[in-house]
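Visitor: Pasting a structure here, questions to come.
The values are calculated or read from the model by the stated rules, or taken from the named source; none is laboratory data. Here the structure is a predicted model, which is why all the values come from computation and not from measurement. Cβ sites come from the backbone with ideal geometry, for glycine too, and all protein chains shown count toward neighbours. Keep in mind that these areas ignore ligands, DNA and RNA; they rest on the heavy atoms of the full protein, side chains included. Shrake-Rupley method; radii C 1.70, N 1.55, O 1.52, S 1.80 Å.
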Amino acid sequence: LKVSTFQGFEAFQINLGSMFSLLRAPFAVLLLAWGASAESGAKSPYGEVTSSGKSSNIAFHTGLSREEKWKAVGHKGITLWMTGLSGSGKSTVSVALEHALVEKQPKSYFVYRLDGDNLRFGLNRDLGFTPEDRKENVRRVAEVSRLFAEAGAIVIAGLISPYAADRQYAREVHSNSSLPFLEVFIDAPLATVESRDPKGLYKKARDGLIKGFTGIDAPYERPENAEVHVRTDLLSVRQSVNKILQKLDAEGIHLQRKFRPIDETEPDASCPSK
């Protein structure tokens with residue numbers, strides 16, 4: 001087995017005697033195929049060396065096309081941006097929607113749920129709740145959502161995202177990449193979400209223990225033109241999920257099939273609203 005160098009990478013040249021050992025090593029065979037492709041003069045996967053923000057001397061590296069990835073999973077990628085007050089039901093509906101897509105369909109869909117609180121344990125743990133930090137929180141989640149949607153996932157991103165400009169940014173991140181994006185307004189009156197208060201935060205805000213709490217002493221800018229408007233004070237969790245599934249059907253993200261609605265006669269899960 002001889003090794004030569006091609007544009008900074010190792011390309012393999014083999015003789016007949018080494019072929020049999022390579023056949024017993026699948027990864028080596030794949031690398032061999034790549035080497036042959038590289039030596040054939042295939043176009044470089046690197047784009048123009050440029051700058052982005054504070055990063056310089058970087059180049060975008062291409063791989064499998066979006067269409068190839070979507071074909072592999074059987075449906076297009078899309079982001080569902082679930083916005084609403086704390087206690088409106090974002091997490092509850094998101095979890096139920098996730099189950100409906102993964103467990104209640106003839107064939108499971110590729111789904112990834114990005115929960116605002118969950119992300120603050122890791123990716124966004126350095127952020128607080130100032131307007132500036134909320135803006136950065138949305139920016140990060142929007143970019144992560146775009147990456148998953150590019151890979152073919154149905155992304156369920158649930159976070160308060162109280163400012164219309166920040167939600168518009170999330171939309172533009174997707175539209176600039178020609179990716180589907182649906183704003184889903186999980187809506188309930190303030191009196192309703194305060195009565196639910198699953199984490200006890202409204203009481204703390206009313207008692208002055210929490211400052212800058214959305215809906216109490218910080219604004220929530222209601223969506224004016226959300227693609228889906230779900231009133232969780234009027235609809236059950238299952239009815240809310242089916243309303244979203246109907247919109248997904250209308251978007252035509254699946255390549256060959258339609259969503260199967262869930263049974264609305266069964267009792268809702270006991271997961272508290274958030």
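Visitor: Just for region 196-242: of the residues that are more than 15 Å from residue 160 (Cα to Cα) and part of a strand (DSSP E or B), which one is least open to solvent (accessible area, probe 1.4 Å)?
Guide: The qualifying residue least open to solvent (accessible area, probe 1.4 Å) is 228.
Visitor: I'd like the full set of residues that are open to solvent by 50 Å² or more (accessible area, probe 1.4 Å) and not in a helix (DSSP H, G or I), limited to region 116-143.
Guide: Residues satisfying the conditions are 121, 123, 125, 126, 129, 130.
Visitor: Next up: Any residue in region 106-115 that is of a type outside the set (Lys, Arg) and loosely packed, with under 14 Cβ neighbours inside 10 Å? Lay out the reasoning, then the answer.
Guide: Of the residues in region 106-115, the ones of a type outside the set (Lys, Arg) are 106, 108-112, 114-115.
Going one step further and asking which of them are loosely packed, with under 14 Cβ neighbours inside 10 Å, we end up with 106, 108.
Looking for residues that are of a type outside the set (Lys, Arg) and loosely packed, with under 14 Cβ neighbours inside 10 Å, one finds at least one in region 106-115, hence yes.
Visitor: I'm trying to understand the selection: among the residues of region 63-86, which are open to solvent by less than 10 Å² (accessible area, probe 1.4 Å) and of a type in the set (A, V, I, L, M)?
Guide: 78, 80, 82
Visitor: Let me ask you something else. Determine whether region 164-183 contains at least one residue that is buried (at least 18 other Cβ atoms within 10 Å of the Cβ), of a type in the set (Asp, Glu) and within 22 Å of residue 114 (Cβ to Cβ).
Guide: Checked against the condition, which is being buried (at least 18 other Cβ atoms within 10 Å of the Cβ), of a type in the set (Asp, Glu) and within 22 Å of residue 114 (Cβ to Cβ), region 164-183 yields at least one hit.
Visitor: In region 121-142, is there at least one residue being touching a residue at least 60 places away in the same chain (Cβ under 8 Å) and among the acidic types (Asp, Glu)?
Guide: Among the residues of region 121-142, not one is touching a residue at least 60 places away in the same chain (Cβ under 8 Å) and among the acidic types (Asp, Glu), which makes the answer no.
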